[in-house]
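The structure under discussion appears below in the form of structure tokens.
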Amino acid sequence: QVQLVESGGGLVQPGGSLRLSCAASGIIFSIYDMGWYRQAPGKQRELVAAIIIGGSTNYADSVKGRFTISRDNAKNTVFLQMNSLKPEDTAVYYCYAHSRLTSHWGQGTQVTISS
């Protein structure tokens, strides 16, 4: 059974940092492109950052220079380091795994930026 389990969300003040983790099981992690999406209330789910199997990354313009995605294939885990957080980063953050044959979503973790 495939599982993507996110952790690391929470409430932080503007300007703060959080590190999200997504632990994958039930898949051959190294052949999956991985990504983080987010969905704020009343808005569509949007791609935040992605890292492909070769290690290349891409980011939404709104997070470039503040967020960093990385992966540890030995631990089947993808990370999202989020710095200089803003209130508009508030959302549920979802982990996403994609291969040519299938894709999977995590359950999400809430990130709230507020003073």
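Values for this structure:
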read-out	value
Amide H within-cut-off set for residue 32, under 5 Å, with H built and near neighbours excluded	none
Residue 5 accessible area, 1.4 Å probe, all protein chains in place, Å² to nearest 10	80
Electrostatic dipole magnitude of the chain [Cβ: Lys, Arg +1; Asp, Glu -1; Cα centre; debye, to 20]	40
Surface accessible to a 1.4 Å probe, per residue, for the residues of the chain, Å²	54
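The values are calculated or read from the model by the stated rules, or taken from the named source; none is laboratory data. As the structure is a prediction and not an experimental result, all values here were calculated from the model. Neighbour counts run over all protein chains shown; Cβ positions are idealised from the backbone, glycine included. Quick note on the areas: whole protein, heavy atoms, side chains included, nothing else; ligands and nucleic acids left out. Shrake-Rupley method; radii C 1.70, N 1.55, O 1.52, S 1.80 Å.
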